[in-house]
Amino acid sequence: MKKITLILFLLLTIGNAYAQEKTRILFILDASNSMNSKWEGNQTRLQAAKELLIKTIDSIKGIPNLEIALRVYGHQSYITPTFQDCNDTKLEVPFASGNFDKVKMRVRSIEAKGTTPIARSLEAAASDFPDMTAKNFIILITDGLEACDNDPCVIAKKLKDKGVRVTPFVIGLGLDLSYLEQFNCIGTYLEAENKAALANVLTTLVQKSIFNTTVQVNLNNITKSPLETDVTMHFYEAGTKNLKYTFVHTLNIKNNPDTLVLDPSLKYDLYVHTLPGIEKLNIVLTRGVHNTIILDAPQGYLQVNWLNPIRNYTADIRIMQPSNNKTFNVQQVSEKDKYIVGTYEIEIMTLPRIYKTVTITQSTITSIDIFSPGVFSFKTGKAVVGQVFLVKDNGELEWVFNLDESAKAQSKLLQPGNYKVVYRTKESKSTNYSTIKDFRIISNKTSALTL
């Protein structure tokens, strides 16, 4: 089954950053029969494409020195099992100032009928532009591959040779990646699985067309290779808390940091939410070129595991830097989390607490095993007050927890070891009624006492 694909050359407005040079955008709309297929919800592919195109036209209306035009293919002749009209391509609305509403009206009236002559439409597009002195862009919206006998790659090269600026972006809406090689000669592939994803991709392309300034953020590992990824990045206007952009760092299909588009008129403070976070302040972008922002972000993993648990025990782990006892992350025992390489102090919130110093190394899992807890259970006929202590190997007593004086039965998960419970009945008025009992905790076992 064909998948819908949008090949877009965009120039939309954001703020007041407009080029003074004249810009022309030719929209080419696929109205082949396959565009009648359902895409998302109850919309057909054509309905979705028309909705997107109309919104795009509304967005660019009013930009100085901008002209648009509309070419459509596949809308004049019906395709049959024995016939397809490969010449079915027509310039419906030529370039002119102030013709945005006219283009929108024609878009609304288009019906899908015929075949998919992409190459011939691109070739005809060369004559649609009045001259080659302006910045000329093409927006091709299609749901499939070339259906006629021409090669879009050859035509794209001819257009470039003639000075028609053809540098498309391929936005694949659920596009089968096996088609990707067939679009490489036309433009850059971007994937959008749904409308929300498409909106994000279009925002990027809008800004790229306006600013012609691109950015990649290299999160370097220990060997200075930009292979760290999958963390949130916040770009603030430098020196403020005015958040301008939010992205989840991504490696593209070539395993390189994905390309972003930022307004080059601003300086930025970048916060990357690794654990712990890293930042780069007062970033200045060079307009009109590809900028690379480099941060050292080598990371590895930490995982603390129960030894031979018989059920799903839980415990939090506080993660702290040696120079700062402030908790910057809490993870669960049995979970794996990622950290900047280095040494950390951790507190495992068992009873009693377990403290460790750990070293995180590049791309490896630092694994710590701790004993599965056992259960301390007690019951009493009268309310008691008291405390439980761990008997350490050197004989020292380490306080563990206070008994709940309102409960006549209680249970706690404790780490294996030897313990003492010191208590008296709450109603007793003499310390002589203090009582000490010893008990031992074994992993996955219950130690029960009657107080």
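The values are calculated or read from the model by the stated rules, or taken from the named source; none is laboratory data. Keep in mind the model is a prediction, meaning the values are calculated, not measured. So basically every Cβ, Gly included, is an ideal-geometry build from the backbone, and we count neighbours across all protein chains shown. The protein model used for the area step is the full one, side chains on, heavy atoms only, and it has no ligands, DNA or RNA in it. Shrake-Rupley method; radii C 1.70, N 1.55, O 1.52, S 1.80 Å.
Between SER406 and SER37, what length in nm is gained on full extension when 0.36 nm per residue of separation is reduced by their alpha carbon distance?
Answer, rounded to one decimal: 126.0 nm.
Between GLU228 and residues 5 or more places away or on another chain, which pairs have amide H atoms under 5 Å apart, with H built 1.01 Å from N, and which residues are they?
So GLU228 has HN proximity to LEU219, ASN221.
Would you check the accessible area of GLU427, probe 1.4 Å, heavy atoms only, in square angstrom rounded to 10?
120
Which percent of the accessible area of the range 368-451 is formed by carbon and sulfur heavy atoms (probe 1.4 angstrom)?
Answer for the range 368-451 is 49 percent, counting heavy atoms of protein chains only.
Quick one: Kirkwood hydrodynamic radius for the range 253-341, alpha-carbon pairs, angstrom, one decimal?
16.6
Excluding LEU285 itself, calculate the net charge of residues whose Cβ lies under 11 Å from the Cβ of LEU285, where each Lys or Arg counts +1 and each Asp or Glu counts -1.
Numbers: positive: LYS267, ARG287; negative: ASP263.
Around LEU285, the surrounding residues sum to +1.
Using every pair of alpha-carbon atoms in the range 37-99, split the distances into 5 Å bins beginning at 0 and state the percent of pairs per bin, rounded to integers.
With a bin width of 5 Å, the distribution comes to 4, 14, 16, 19, 19, 14, 9, 4, 1, 0.
Could you tell me which of rounded, prolate or oblate describes the range 248-299, using a ≥ b ≥ c as the square roots of the eigenvalues of the alpha-carbon gyration tensor, with rounded for a/c under 1.5 and, failing that, prolate when a/b is larger than b/c and oblate otherwise?
Values: a/c = 2.34, a/b = 1.18, b/c = 1.98.
Because a/c hits 1.5 or more and a/b fails to exceed b/c, the range 248-299 counts as oblate.
List the aspartates and glutamates whose Cα lies under 13 Å from the Cα of LYS241, skipping any in the same chain that are fewer than 8 positions away.
Once the sequence-local aspartates and glutamates are set aside, what remains near LYS241 is ASP269.
How do LYS55, LYS392, LYS326 rank by accessible surface area computed with a 1.4 Å probe, from largest to smallest?
LYS326, LYS55, LYS392
Could you sort out which of LYS22/LYS158; LYS55/LYS104; LYS412/LYS437; LYS90/LYS113; LYS224/LYS338 sit more than 20 Å apart by Cα distance in this structure? Intermediate results must be reported in sequence, preceding the final value.
Numbers: LYS22/LYS158 23 Å; LYS55/LYS104 9 Å; LYS412/LYS437 16 Å; LYS90/LYS113 14 Å; LYS224/LYS338 18 Å.
From LYS22/LYS158; LYS55/LYS104; LYS412/LYS437; LYS90/LYS113; LYS224/LYS338, over 20 Å: LYS22/LYS158.
What FRET efficiency comes out for the pair ILE278/ASN87, r = Cβ-Cβ distance, R0 = 60 Å, nearest 0.05?
0.55
Hand me the trypsin sites (Lys or Arg not before Pro) from the range 399-431 located in a DSSP loop with no more than 10 other Cβ atoms within 10 Å, in residue order please.
LYS429
Where does the range 364-445 land on the Kirkwood hydrodynamic radius, alpha-carbon pairs, in angstrom?
One over the average 1/r among Cα pairs gives 14.0 Å for the range 364-445.
On the full set of protein chains, 1.4 Å probe, figure out the accessible area of CYS148 and give it in Å² to the nearest 10.
Per-residue accessible area (CYS148): approximately 20 Å².
May I ask you to compute the full-extension gain from MET132 to VAL330, defined as 0.36 nm times their residue separation minus their alpha-carbon distance, rounded to one decimal in nm?
Once the chain is fully extended between MET132 and VAL330, it gains 65.3 nm.
What is the spin-label model distance, in nm, from ASN150 to SER434 if the labels are put 7 Å beyond Cα along the C-beta direction?
It works out to 9.8 nm between the two label points.
How big is the range 326-416 by Rg and Dmax over its Cα atoms, in Å?
17.3, 56
Could you compute how much accessible surface GLU146 exposes when probed at 1.4 Å, giving the result in Å² to the nearest 10?
Approximately 50 Å² for this residue.
Over what distance in Å are the Cα centres of the range 218-274 and the range 388-451 separated?
53
Report the Cα centroid-to-centroid distance between the range 82-122 and the range 303-369 in angstrom, as an integer.
Their Cα centres are 61 Å away from one another.
Expressed in nm to one decimal, what extension gain is obtained for the pair GLU111 and ILE294 from 0.36 nm per residue of sequence separation less their Cα-Cα distance?
Gain on stretching GLU111 to ILE294: 61.0 nm.
Can you tell me the FRET efficiency between VAL358 and ASN65 if r is taken as the Cβ-Cβ distance and R0 is 56 Å, rounded to the nearest 0.05?
Approximately 0.40, to the nearest 0.05.
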